[in-house]
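Beneath this line is the structure, given in structure tokens, with notes to follow.
No value in this document is a laboratory result; all are computed from the given coordinates. Note that this is a predicted model, so its numbers are computed, not measured. Backbone-built Cβ (ideal geometry, glycine too); neighbour counts: all protein chains shown.
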């Protein structure tokens, strides 16, 4: 399944220079040319024009419905838990270059560029590269996208006219603070992708001004990028500890019960896999316990950011971000959305045993494709907010079973918010927990169900008037 | 502000018969004709075609982004609390015909048709009528829309291939049960709008088959209709009592503290207004206490349904519906989504004092437009999940102040999930609770803040793995 390939449909509709009118048939895009080659008389051409217009409307409507359905589902979760439902990399395992943890980091060293096309054979594929570029561009576009919102808020303020006199706070000050916070976030995001600058920007041959061409940008990537920022709080801030203690700690505690020693009877490290590991904190915490740890992730948004945090930090609390500035709804105090967070709470390279280097890795790609080829390889698989990212959850469960050693342990914590449930292009089957339990046993596990865990996901640490609460199933399944 | 007018933009793009190709310029739609009248040579025409295509794409993209933003916001709430952010009726106050509560209802009498164009001068307006018709059509389209989902689930099941053998439940049985539940809901919804049948359906002159023309339907209305079904559980089922006790009861208790007697010193009934009253239950509960009660609502989806429940029931528990069949995510038990609910838990006409008839009414329209013209008219205004539906919350607060008698009481319970917060066409200003408190005092109220109330909104009464929790502000403001 080559997910990047789905982008192919957009190829004909994208034009670099938006407002330039072409003046000959040869410059018509192929779809229009094809329409016209069928028409003999001018009347037929006119009729075809109308047909074309209708088709375009229908297609736009269809795409809109599709996008709405997808978005609806994602926004229901207000987060991008696990891998995101979108065309993503599906290539084979790719180890990210790890820096030597014992080296002294110079200030502002160049970030690693693990995903540059020249380092990554999978990005030789045109569609895969396009998707990769879209994600890079979404990072560089953050400032521009966010400033559109400032303009919207400015119009909203202007609209209330004389009612301004009833307000306590200077709204223009709010807008100024908002711009500053956007700049703060943008600088952080720019750093994450700075070594891909040439992938995103094109230089105008006349003015020499650099710009990101319109067709490099996907609207839906804005919300994914904002989710990435919020997930930074969950995974790499002190304030995120509450969520981590609810979601990661019980899983690691449970693992320790099954493998109290991180070195096995054969003298080798006990190794576990963390599919859909997002920004990688749980993998890192696990590696700090001395176990062998591999994260697996599917989303470039997550991969860029986790690579940055795991490999590029000079010291703890090096960056400051404000991820919750994108909504002023449901806030109690005027300044709540502007709260700043220090990232990361710990510098990964300070904590890891240098000997761990070879046994702490990230694998980029689609879970089933990678791990179906690793039978009986792993002592454990830990899935947190992951199993509902499947097109076919049965296939996920079978793959987990296959890649575990006999007696190996699968620990899961999360809801069943199936990511493709409202997609009309991606297949999805939404099984109840009742049914999932049955499948787990049928596939060949001994299942132990723990008490459910109520938690949030990448939620604003401030008190707000609306929170999504997950009532997570939590279980351990031992491979028979 | 004539909100219905926004639909005008769609006029040119809608065509009744989708697949028929017109063969002469005269039958081209005006937009296309205009484009072509500017072109002299065939080459120019071709260039214009491309321009037209681009413009259409841009427009579609713009509309898509707008729709996504709106939807994102609504779905965040998973409900349509209060009035919905959409082009809606904004006409003046319109009292719905009330049946005599003491009469015996015959079985299956014709529903009232309060909103028929011939009874309602505001529906003489073309754009208003179009919007009205779209809502009617969304009711009649429920069956068709929902069956598309059954087909999607069928494809998802087919996709898992041999993995079917791991399942415990017969998936085809789930699909059969789903179809039955859709039919159950559809029959209920058909009844609500049955007297508007001729507004929605067109008869094919040749085949005599009735159909709803494509341009009568708006995609976004599907989710609003589904919210209406869920809101039926909140307002008119036994299972909804938990939410009603959390949201309506504290407001009514608070009102009683201020006006212990429903008859005032002048011998007249004490009267309160309930803006954004949805399906009207809280207005009904209030009227049952003997007070004069008026609901105000903006959404045709809500108005049709509340009219049906308040005026057309023969007995309690007359209908059975299953509103939670539209998602199989986050369910514990296989049959949870199929749970059936009896509607209504009480027959309104059994409970109301016949003398109340003139003092229990619904006013359809936009809150500010109606009530800014009723100075010092009301003893109380009760707003539950309403104040965040404003384009300008200050204007709402001023209007509430204006329409209250001196010493009159405003009681509010709800979050600040501003409905237009992500709209790029509708103005919005998102004030924090901190700021809203200040405005309330500035406008001329004495404010008393009660402890916050945690509640859900029209949520599935079954245990599920995901719920949106609102942490509502609750206060009383007395007009100075």
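With the biggest extent put first, the Cα atoms of region A:376-419 measure 29, 18, 11 Å across the principal axes.
When each of the peptides B:243-249, A:429-435, B:318-324 is scored by the mean number of other C-beta atoms lying within 10 Å of its residues, the order from highest to lowest reads A:429-435, B:318-324, B:243-249.
The other copies place their residue B:190 label points at 6.2 nm from this one, listed shortest first, where each point is 7 Å from Cα along Cα→Cβ. Averaging the Cα positions of each part gives two centres, and for region B:346-381 and region B:162-212 these lie 36 Å apart.
Using the Cβ-Cβ distance between residue B:462 and residue A:143 with R0 set to 51 Å, the FRET efficiency from 1/(1 + (r/R0)^6) comes to roughly 0.70.
Residues of A:450-459, mean number of Cβ from any other protein chain within 10 Å of their own Cβ, rounded to a whole number?
Numbers: counts 0, 0, 3, 0, 2, 0, 1, 1, 0, 0.
Going residue by residue through A:450-459 and averaging, the value is 1.
Shown for residue B:463: label points 7 Å from Cα along the beta-carbon vector, and their distances to the equivalent points in the other copies, 2.9 nm in ascending order.
Oblate is the label for region A:321-459, because the ratio a/c of its alpha-carbon gyration tensor axes (a ≥ b ≥ c) is 1.5 or higher and a/b is not greater than b/c.
When Cβ neighbours within 10 Å are restricted to other protein chains, what is their mean count per residue of peptide A:150-157? Kindly include the intermediate steps, with their values, before the conclusion.
Working: counts 0, 1, 9, 5, 0, 4, 11, 4.
The per-residue average across the peptide is 4.
Determine the relative contact order of region B:117-479: mean sequence separation of Cα pairs under 8 Å and six or more apart, normalised by residue count, in whole percent.
Computed value for region B:117-479: 16 percent relative contact order.
As a proxy for reagent exposure, A:377, B:210 were ordered by neighbouring Cβ count within 10 angstrom, fewest first; the result is B:210, A:377.
The label point for residue A:405 and the one for residue B:333, both projected 7 Å from the Cα toward the Cβ, are 4.1 nm apart.
Give me the mean projected area, in nm² to one decimal, of the convex hull enclosing the Cα positions of region B:117-479. Write down the numbers at each step before the final one.
Values: hull surface 85.8 nm².
Averaged projected hull area, Cα only: 21.5 nm².
Distances between copies of residue A:211, taken at a point 7 Å out from Cα along the Cα→Cβ vector and listed shortest first: 4.5 nm.
Residue by residue along B:319-332, Cβ atoms of other protein chains within 10 Å of the local Cβ number 4 on average. Legend: calculated FRET efficiency, residue B:318 to residue B:238, from the Cβ-Cβ distance at R0 = 22 Å, rounded to 0.05, equals 0.95.
Order by neighbour count: B:400, B:343, fewest other Cβ atoms within 10 Å first, most last. Write down the numbers at each step before the final one.
Values: B:400 27, B:343 24.
Least to most surrounded, the residues fall as B:343, B:400.
Let a ≥ b ≥ c be the square roots of the eigenvalues of the Cα gyration tensor of region B:299-396; is it rounded (a/c under 1.5), or, if not, prolate (a/b larger than b/c) or oblate?
Values: a/c = 3.06, a/b = 1.43, b/c = 2.15.
Because a/c hits 1.5 or more and a/b fails to exceed b/c, region B:299-396 counts as oblate.
Provide the packing ranking of B:214-224, B:195-205, A:412-422, i.e. peptides ordered by the mean count of other C-beta atoms within 10 Å per residue, highest first. Please report the intermediate quantities before stating the final value.
On the way: B:214-224: 19.1, B:195-205: 14.5, A:412-422: 24.6.
With the highest mean Cβ count within 10 Å placed first, the list reads A:412-422, B:214-224, B:195-205.
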